[in-house]
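J.: First the structure, which I've put down as structure tokens, then a few questions once you've had a look.
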Amino acid sequence: MKFNISHLLMLLGAAVALVPIVAVDFVIDAYVEHQEKSVAERHVSVDSSTVASSASEGVAALRKVSSDSPSLCAQTFVQNAQAAVQNNVSVLQFVVENSDGTQYCDAFGTGVSYAPLSTALPIPGQSETLTVVRYGAMDAPVLKVTQEIGETRKLSVFVPLLPQSIESHLRTMAPSTMKRFSLTNNQPILVLGTSGEFEADKAPDDFILAAGYASQFPIKVELAIPFDVARSHYRDLDLVFTVLAALLSGAFLLGVLSYFRRSRVPAFNLERAIERNEIKPYYQPVINLRTGDLVGCEVLCRWEKPNGRVVPPNSFIEYAENTGLAIPMTVSLMQQVRGDLSELCKTIPNFKISINLFEGHFRDGGIVEDVQAIFGNSPISYRQLVFEITERRPLRNTLAATSVISGLHALGCRLAMDDVGTGHSNLAYLATLGVDVIKIDRIFVDMIKKDTTQVPVLDGLIAMGKDLDCEIVAEGVETEEQALYLRAHGVVHAQGYIFAPALKAKIFIELATALHRSGGNARDVLARVATAN
């Protein structure tokens, strides 16, 4: 401890002359980052919405022409297709082909000249597929939305990726800005800007970055502004802050010294614990109440200190969230989950892993890239991942939150709303976020007592989940009566101490593997494991 204090004092003494400049640079850099990132996010949001709107218009037109045309390539089809082109700004052309690409007919009988630039990708939640093509003489790529008609024919509609030419779009971009449209499998579609490309080896700090997804369509929009270029527009503000910082340098140094004297060790300890992987994932089983099978787990965390003491999450989770340490902590947990459960997920393809996210994750779109980096090439598939949003804190930035949720959905992950009924959600909020699973908090499950015939609040939450077409998971199930009541009211999945507490990785994996091999009833085996451990 003496070494830390003396080291701090030496650093402060040596940095006295530089404090004003460093402070000014830091404040201006942070302000520029905030302001320019907001602008970049608005541009990305507009582009993402434009692409989604164009693609949605194409899907709607395709479905209408298909349903209104009893026979493809007949006069009725041609008339319907021509009407769709005339009535929809985004619709360019229709074509009927076979599986080999041979064209049977199109809306205008002129033949359609196009060349695929990508493979056909499924549109999540839709029956159509999407392909990027080079269309005629258009300089910008075009989206080809295709629907299978019978076993041999395909009906496709062509809609533009951009509502204007590349040259016109470039005129709307600020100098030195770079913009990239790509598929969610990272295949580039179109790159615009003076630098011509996004360089993978560039440090993230060199750019102000923003990214968004075109709703449910597998298209990602990214915008990059060189930080130096953006920073150059704030020279006058830089000068004013430099003068003020020089005048207030003495007070600033005293404030910093006072701050560090009041600082406490836990922040450093928690950061160090994350770096040393002392924050460990524990796995609580999720059980199918109808069959008794183990269907997945929720990842909970414990702080295992070197002296053997285990610190429960309620002692540090809120602190981690308030200080921003929840983000690196989640990354560390996901990396450990990948190491712990990869083989199990490969063996049991339908196994689901629920991982908790925090409100801070929905202000920083980096969580989508983190999920791709950690699970992208692992045996754990995206469809086996469920990310839980706690309802106890509201998601304040709706635009950023929607972008993160769309990004996770685009990968194939599912979203769950945790602690439903205890905080900030309502029917509209849940529907807007696109939640796939709702988790009923234990305080409502505890209302089920012996001989209970109805629990109005709980019954209402279950009905709400069914109305939203969400999967329902009950938490904190501790008694036979609770399990039977939930099952009778249509709740299929549950977790709680009646089955098992959160288990260490080794015990949980052995249990899950044994259950898979034997086909035994999870509840009975879990109860024995919980008793033994």
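The values are calculated or read from the model by the stated rules, or taken from the named source; none is laboratory data. Just so we're clear, the structure is a prediction, and the values are computed from it rather than from any experiment. Ideal geometry is used to build each Cβ from the backbone, glycine not excepted, and the neighbour counts take in all protein chains shown. With ligands, DNA and RNA removed, areas are computed over all heavy atoms of the protein, side chains included. Shrake-Rupley method; radii C 1.70, N 1.55, O 1.52, S 1.80 Å.
J.: Return the whole-Å distance between the Cα centroid of region 345-389 and the Cα centroid of region 98-171.
T.: One Cα centre to the other: 32 Å.
J.: Among 417, 447, 464, what's the order by accessible area (1.4 angstrom probe), most exposed first?
T.: Heavy-atom accessible area, descending, gives 447, 464, 417.
J.: Using the structure shown, list the pairs from 64/220; 179/466; 220/504 with a Cα-Cα distance above 32 Å, or answer none.
T.: On the way: 64/220 27 Å; 179/466 41 Å; 220/504 38 Å.
Long pairs (Cα-Cα over 32 Å): 179/466; 220/504.
J.: Still on this structure, please answer the following. Could you pull the accessible area for residue 100 with a 1.4 Å probe, rounded to 10 Å²?
T.: So the heavy atoms of residue 100 present about 130 Å² to solvent.
J.: Quick check: convex hull over the Cα atoms of region 270-320, volume per residue in Å³, rounded to an integer?
T.: It is 94 Å³ per residue.
J.: Starting at the first residue of region 298-314, write each ³J(HN,Hα) from the Karplus equation 6.51 cos²θ - 1.76 cosθ + 1.60 with θ = phi - 60°, in whole Hz, x for Gly and Pro.
T.: 9, 8, 10, 10, 9, 9, 8, 6, x, 7, x, 6, 10, 9, x, x, 5
J.: By accessible area of protein heavy atoms, probe 1.4 Å, what ranking do 235, 42, 414 get, highest first?
T.: Ranked list, largest accessible area first: 235, 42, 414.
J.: FRET efficiency for residue 347 and residue 49, Cβ-Cβ distance as r, R0 = 30 Å, nearest 0.05?
T.: It comes to 0.10.
J.: Now, a different point. Taking θ = phi - 60°, what integer Hz values does the Karplus form 6.51 cos²θ - 1.76 cosθ + 1.60 yield along region 148-165, in sequence order, with x for Gly and Pro?
T.: 6, 10, x, 8, 10, 10, 10, 10, 10, 10, 10, 10, x, 5, 10, x, 9, 5
J.: Taking only protein heavy atoms into account and a 1.4 Å probe, give the accessible area per residue of region 275-366 in Å². Please list the in-between numbers first.
T.: Values: 4030 Å² over 92 residues.
With all protein chains present, region 275-366 gives 44 Å² per residue.
J.: Normalized C-alpha radius of gyration of region 18-122, against 2.2 N^0.38 Å?
T.: 1.83
J.: State, to one decimal in nm², a quarter of the convex hull surface area for the C-alpha atoms of region 121-161, i.e. the direction-averaged projected area.
T.: Averaged projected area of region 121-161's Cα convex hull equals 3.2 nm².
J.: Given the whole protein assembly as supplied and a 1.4 Å probe, what does the accessible area of residue 469 come to in Å², nearest 10?
T.: Residue 469 has an accessible surface of roughly 130 Å² with all protein chains in place.
J.: Give the accessible surface of region 69-110 per residue, rounded to a whole number of Å², with probe radius 1.4 Å and ligands, DNA and RNA excluded. Let's see the in-between values first.
T.: Details: 2170 Å² over 42 residues.
That works out to 52 Å² for each residue.
J.: Might you tell me the accessible area per residue for region 138-190, computed with a 1.4 Å probe and given in Å²?
T.: With all protein chains present, region 138-190 gives 44 Å² per residue.
J.: Right, something else. Nearest 0.05, what FRET efficiency do residue 459 and residue 383 give at R0 = 25 Å with Cβ-Cβ as r?
T.: Working from the Cβ atoms, E equals 0.20.
J.: Using a 1.4 Å probe over the heavy atoms of the protein chains, calculate the carbon and sulfur portion of the accessible area of region 288-428 as a whole percent.
T.: On region 288-428, the fraction of accessible area on carbon and sulfur atoms equals 49 percent.
J.: Right, next: What does the accessible area of residue 422 come to, in Å² to the nearest 10, when a probe of 1.4 Å is used?
T.: 50 Å²
J.: Pop out the ³J(HN,Hα) list for region 290-297 in order, Karplus 6.51 cos²θ - 1.76 cosθ + 1.60 with θ = phi - 60°, rounded to Hz; leave Gly and Pro as x.
T.: Per-residue couplings from phi come out as 7, 9, x, 7, 7, 10, x, 7 Hz.
J.: Sorted by accessible area (1.4 Å probe), largest first, how do 73, 470 line up?
T.: Largest to smallest exposure gives the sequence 73, 470.
J.: What are the residues whose amide H is under 5 Å from the amide H of residue 105, where those residues sit 5 or more places off or on another chain and H is modelled from the backbone?
T.: So residue 105 has HN proximity to 96.
J.: Give me the net charge of residue 380's neighbourhood, meaning all other residues with Cβ under 11 Å from the Cβ of residue 380; Lys, Arg count +1, Asp, Glu -1.
T.: +2
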